[in-house]
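Down below is the structure, laid out as structure tokens.
What follows is calculated from the coordinates using simple rules that are stated; it is not laboratory data. Keep in mind the model is a prediction, meaning the values are calculated, not measured.
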């Protein structure tokens, strides 16, 4: 499959994952020099140390900011990650997230596994894939860790978009949105978990999923995302 993709790239030319301009076939990075420079500037604003989310009682590791009111390379890639099954984009973002996690941990704790926040069934039907699962699977491969898809989005419930809710309603909605199949508990019981998602907004979804894991026997849960939402 990779050979076919490379042949098609050679025929059609490679394009920047952000702006779509042509890039050199030998370029190892999936971004043009201008967009890559913008990405680096965004990431430089964020410390590699985890952020303590006191309200949700969890640690959070992220690469950059998701700026609601600005067009930035990271925002463009995240929107493309959510809407299009782009191998180039999620591999690029997964590589950067994996490298950041390696720097944070120095030495990966024993019995660490990768888990993702599940996408809603409605969104999967609409777009055809789960972007956080793709991201988490790539991160697990790059970190040589086991990946398990143990969290599920409850079917049969009315989907309420988090962005339309108040902070407290987001928390309650998230707590009622996910579940773990009993047969999956053995996969993470007594283990350290790195919970992957694409964007952190209020932390309600990550906190709900982390609580589910710890309530069912996970030793520890750290949360890692590509970007933290800011209004500026």
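Taken over the alpha carbons of the stretch 47-230 as equal point scatterers, the Debye sum produces base-10 log I(q)/I(0) values at 0.16, 0.18 Å⁻¹ of -1.00, -1.31.
By the Cα gyration tensor, the stretch 45-121 has an equivalent ellipsoid whose semi-axes, rounded to whole angstrom, run 23, 17, 15 from largest to smallest. Contact order, relative form, for the stretch 181-223: 55 percent (alpha carbon pairs under 8 Å, 6 or more residues apart, mean separation divided by residue count).
All C-alpha pair distances within the stretch 169-216, sorted into 10 Å bins from zero, spread as 24, 54, 20, 1 percent across the bins. Using only alpha carbons, the stretch 19-155 has a radius of gyration to Kirkwood radius ratio (Rg to Rh) of 0.96.
Taking every alpha-carbon pair under 8 Å whose residues sit at least 6 apart, the stretch 47-230 reaches a relative contact order of 29 percent. Full extension of the segment from residue 125 to residue 144, taken as 0.36 nm per residue of separation minus the current Cα-Cα distance, would add 3.8 nm.
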